[in-house]
């Protein structure tokens with residue numbers, strides 16, 4: 001019997017060398033998002049996590065912005081974004097929140113870029129192309145808008161093949177080759193690199209397992225070990241030496257599984273499931289914890305106030 005167990009363990013290591021069991025910590029429930037929303041975007045700015053836009057329960061998108069303080073476990077409402085959005089992209093840098101694109105109330109795709117600091121919003125140079133359902137991250141003073149949906153040749157829908165890069169100091173946009181075209185992906189930065197996680201080609205039945213990383217010095221995307229489970233409508237955050245991917249949806253269920261990718265090894269490990277499975281959620285990291293906020297609890301249009309955190313160690 002012992003021999004058989006050893007053989008079985010060896011088989012698992014040989015067949016699944018890049019996957020391991022992860023943290024034994026459990027998710028904690030925190031103060032709920034004041035207004036339940038889905039298809040939000042979230043970003044850490046200083047000691048707070050900002051949650052921007054999204055759909056409300058009546059199906060309308062919102063300009064609302066709320067800031068969460070993990071230290072106090074409290075929320076505060078900040079001035080609305082100048083436009084109502086869903087499926088927007090955001091990132092924080094040096095005390096400022098940057099919010100790019102998304103879908104407007106009339107379902108058009110936006111080119112807008114705004115920054116928020118000291119209690120007010122500032123309109124910045126517009127993106128050279130419209131983007132929605134993409135992801136954003138900042139590396140070395142540059143905002144990367146990765147993946148998503150843009151205008152096709154005849155003005156219709158197309159998956160973006162280029163990533164847009166905004167030089168914050170120079171206030172200038174440029175473009176670079178993008179990762180494998182897809183939307184509803186998670187995007188995060190860690191160690192001077194940008195990671196594109198999961199995503200889908202169109203509907204929730206086209207979810208992908210892709211993980212790609214961009215190194216600015218090489219100006220190329222490289223494929224890494226794929227996510228253990230297909231996921232679109234997901235979100236991601238970088239913390240410590242890990243990229244954490246949480247949530248998503250299929251045509252029939254929301255995805256509860258959470259994985260982390262160790263960039264040094266590299267390998268995937270599984271973390272405890274989301275207590276409240278969601279898609280279109282915001283995921284941000286602060287103080288060695290990952291926070292999963294808002295999002296839809298059922299496939300399609302749905303909202304939630306859930307705010308759950310997990311210590312990553």
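Just so it is clear, none of the values below were taken in a lab; they were calculated from the coordinates. Computed from a predicted structure; not experimentally measured. Don't worry about glycine lacking a Cβ; one is built from the backbone with ideal geometry, like all the others, and counts go over all protein chains shown.
Is any residue of segment 157-195 close enough, with backbone N under 16 Å, to a label point placed 7 angstrom from the Cα of residue 219 along the Cα-Cβ axis, and if so, which?
162-167, 173-179
Starting at 0 and stepping by 5 Å, how many percent of the alpha carbon pairs of segment 205-282 end up in each bin?
Over segment 205-282, the share of Cα pairs per 5 Å bin runs 3, 15, 25, 24, 18, 9, 4, 1, 0 percent.
If eta is 0.890 mPa s and T is 25 °C, what Stokes-Einstein diffusion coefficient results for segment 22-72, Kirkwood Rh from Cα pairs, in µm²/s?
198 µm²/s
Efficiency by 1/(1 + (r/R0)^6): what FRET value for residue 241 and residue 115, r their Cβ-Cβ distance, R0 = 25 Å, to the nearest 0.05?
0.30
Find the centroid of the Cα atoms in segment 74-91 and in segment 252-268, then give the distance between the two in whole Å.
Centre-to-centre (Cα) distance: 27 Å.
Among 247, 287, 156, determine the one that fluctuates most according to a GNM of the chain built with springs between C-alpha atoms less than 10 Å apart.
Between 247, 287, 156, it is 156 that shows the largest mean-square fluctuation.
Show me the ranking of peptides 96-105, 59-68, 37-46, 209-218 by mean Cβ neighbours inside 10 Å, starting with the highest.
Those peptides, ordered most packed to least, come out 37-46, 96-105, 59-68, 209-218.
Taking springs between alpha-carbon atoms closer than 10 angstrom, which of 69, 118, 245 fluctuates most in the Gaussian network model of the chain?
Taking springs between Cα atoms under 10 Å, the residue moving most is 118.
Work out how far the C-alpha atoms of segment 106-228 reach from end to end along every principal axis, then list the three figures in whole Å, largest first.
41, 38, 27
Taking the chain as a Gaussian network, where each spring joins two C-alpha atoms under 10 Å apart, which residue of 293, 49, 176 fluctuates the most?
Evaluated over the chain, the most mobile residue of the options is 176.
As a test of the formula, what do you get for the chain when each DSSP H run with n ≥ 4 contributes -39,500 (n - 2.57) and the sum is divided by the residue count, at 222 nm and rounded to the nearest 500 deg cm²/dmol?
Calculated mean residue ellipticity at 222 nm is -1500 deg cm²/dmol.
If each residue of separation counts as 0.36 nm, what is the full-extension length gain between residue 267 and residue 71 once their alpha-carbon separation is subtracted?
Working it through step by step, the gained length comes to 67.4 nm.
When all alpha-carbon pairs of the chain are counted, what percent fall beyond 25 Å?
44 percent
What number, in percent, do you get for the relative contact order of the chain if the mean sequence gap of Cα pairs under 8 Å and at least 6 apart is divided by its residue count?
The normalised contact order for the chain reaches 17 percent.
Ratio of Rg to Rh for segment 174-313, alpha carbon only, Kirkwood?
0.95
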